[in-house]
Amino acid sequence: MIERFDPLKGERLRVLDDEGRAAPDLDPGLTAAELRALYERMVRTRAADAKALKLQRQGRLGTFAPSLGHEAAQVGLASAMTREDWFFPYFRDFGAYITLGYPLADYYYFWMGNEAGLRTPDGLNIFPIAIPVVTTFGDGATSEGDFHEGLNYAGVFRTPNVFVCVNNQFAISVPRSRQTAVPTLAQKAVAYGFPGVQVDGNDVLAVFAAAREALAIARGGGGPTLIEAYTYRMGDHTTADDAARYRSKEEVREWERRDPLVRFRLHLGVKGLWDEAYEKEVRAAASDLVEKAVADAEARPSASPEDVFAHTYAVMPPDLEAQLAELKASLPEGRR
Ligand SMILES: Cc1ncc(C[n+]2csc(CCOP(=O)(O)OP(=O)(O)O)c2C)c(N)n1
Ligand SMILES: [Mg+2]
């Protein structure tokens, strides 16, 4: 199926139309339970993400990169993965963490400033979040040399990788048009000798279908694939950003109409799998899960001032010693 959509011709894989109807020849054919699981993961992601933003504004969580609008891209990919696959996440992957079964309290604990939250439990093949922009990655990351070196290597040695570029149209304030002169990011794969496909990143079935196929190719020794999930970052880059300074309200409103949750809810409706009672139940369960995870994370010890400085130098240089002393002096008695 991936081969049917040529990024050089600007073709994009899309399964669901605006009314939530699936194209019969592209529908991945999931069961009712699997479809509902996709929806529930997206609802959970949105609830957990919104909570993180609130906590940050209340000073209870550190700088955070919101996933609003990315739910289909994240959940669609992670839902196609098996326990044997290895996931190399970047900093905006909340829905993948939730889908892969990472403990939500641990994830919050990490963003609350304690790196212990990022120690992946046994049985999960998840690397720590990469803040350097490689791994699953954004549109901006494709301007990094590492991206090209990685794809070139993968093409030459036919490595079993699925590269997923979440093109949300921005790298902080830099628009996609300033990252590349070509129309799609998926077509970059062509230069490295393997398939690339652009998918509608707000269509969870399209992301799932492409990821499932690419993963099967990789596992079967068929080499790498690049998937470009075409979407939009509905929120700010991080809590330290104000997107209103560099993009219009009209543009954001235009993308609100393509909300991945709304489109998939319509699909469930078409399939007879959605009603108000179900929606209420799913939202209540998500909210319950989130509140319990936050309470759990907040009951754990806060990061110590030393943690901020640890793991960089074997012997701390004098200027950092001075900064640590200054930080400690600024904290209340119990937190030094
Ligand atoms: C190697 C590297 N260069 C620069 C940065 C600073 N930085 C953090 S996020 C970001 C933008 C990333 O944009 P994109 O790849 O599109 O991902 P998005 O944040 O949009 O999901 C930059 C430049 C970094 N973290 N790592
Ligand atoms: Mg981006």
Residue by residue through segment 16-32, which ³J(HN,Hα) values in whole Hz follow from phi under the Karplus form 6.51 cos²θ - 1.76 cosθ + 1.60 (θ = phi - 60°), with glycine and proline marked x? 9, 7, 4, 8, x, 8, 8, 5, x, 7, 10, 4, x, x, 7, 6, 4
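Where Lys and Arg each count +1 and Asp and Glu each count -1, what net charge lies around Gly123 among other residues with Cβ under 15 Å from its Cβ? Don't skip to the answer; put the middle values down first.
Numbers: positive: Arg83, Arg119; negative: Glu84, Asp85, Asp106, Asp122.
Summing Lys and Arg as +1 and Asp and Glu as -1 gives -2.
With a/c under 1.5 counting as rounded, go ahead and sort segment 132-277 into rounded, prolate or oblate using the C-alpha gyration tensor (a ≥ b ≥ c being the square roots of the eigenvalues; past the cut-off, prolate if a/b is larger than b/c, else oblate). Before the final figure, lay out each step's value.
Values: a/c = 2.52, a/b = 1.21, b/c = 2.09.
Cα axes put segment 132-277 in the oblate bin.
Using the C-alpha atoms of segment 1-134, what convex hull volume per residue, in cubic angstrom, is computed?
Numbers: hull volume 19.6 nm³, N = 134.
Taking the convex hull of the Cα positions in segment 1-134, it is 146 Å³ per residue.
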To the nearest Å², the heavy-atom accessible area per residue of segment 277-329 with 1.4 Å probe amounts to 68
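Of the heavy-atom accessible surface of the chain (probe 1.4 angstrom), what whole percent is carbon and sulfur? Could you put the intermediate results ahead of the total?
On the way: 8620 of 16160 Å².
With neighbouring chains kept in place, the figure for the chain is 53 percent.
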Quick one: 3J(HN,Hα) in Hz for segment 37-46, Karplus 6.51/-1.76/1.60 with θ = phi - 60°, rounded, Gly and Pro as x. 4, 4, 5, 5, 5, 5, 5, 4, 4, 5
How much length, in nm to one decimal, is gained on full extension between Ser302 and Leu324, taken as 0.36 nm per residue of separation minus their Cα-Cα distance? 6.3 nm
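What relative contact order, as a whole-number percentage, does segment 91-186 give when Cα pairs under 8 Å and 6 or more residues apart are counted? Provide the component values of the computation, followed by the final result.
Values: 79 pairs, mean separation 20.5, N = 96.
Computed over segment 91-186, the figure is 21 percent.
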Name the aspartates and glutamates eligible as straight-distance cross-link partners of Lys249: C-alpha to C-alpha under 18 Å, and not fewer than 8 places from it in the same chain. Asp236, Asp241, Asp259
Around Met1 (Cβ within 9 Å, Cβ-to-Cβ, excluding Met1; K/R +1, D/E -1) the net charge comes to -2
Average accessible area per residue (Å²) across segment 185-256 - probe 1.4 Å, nucleic acids and ligands excluded: 36
Diffing segment 167-175: the Karplus 3J(HN,Hα) column from phi (6.51, -1.76, 1.60, θ = phi - 60°), in whole Hz with x for Gly and Pro, holds 7, 9, 6, 9, 10, 6, 9, 8, x
Would you look at the GNM of the chain, springs on alpha carbons closer than 10 Å, and say which of Leu320, Leu53, Leu30 moves the most? Leu320
Over 23 Å (Cα to Cα) - which of Lys54/Lys328; Lys51/Lys280; Lys51/Lys292; Lys9/Lys188 fall in this group: Lys54/Lys328
Whole-Å distance, taken between Cα centres, linking segment 45-82 and segment 1-30: 26
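Relative to the compact globular guide of 2.2 N^0.38 Å, what is the alpha carbon radius of gyration of the chain, as a ratio?
On the way: Rg = 20.7 Å, N = 336, 2.2 N^0.38 = 20.1 Å.
Compactness ratio reported: 1.03.
The values are calculated or read from the model by the stated rules, or taken from the named source; none is laboratory data. Every value quoted in this text rests on a predicted model; they were computed, and no experiment measured them. Note that we place each Cβ from the backbone using ideal geometry, even for glycine, and neighbour counts take in every protein chain shown. Each accessible area value is taken on the protein alone, full model and side chains, heavy atoms only, with ligands, DNA and RNA left out. Shrake-Rupley method; radii C 1.70, N 1.55, O 1.52, S 1.80 Å.
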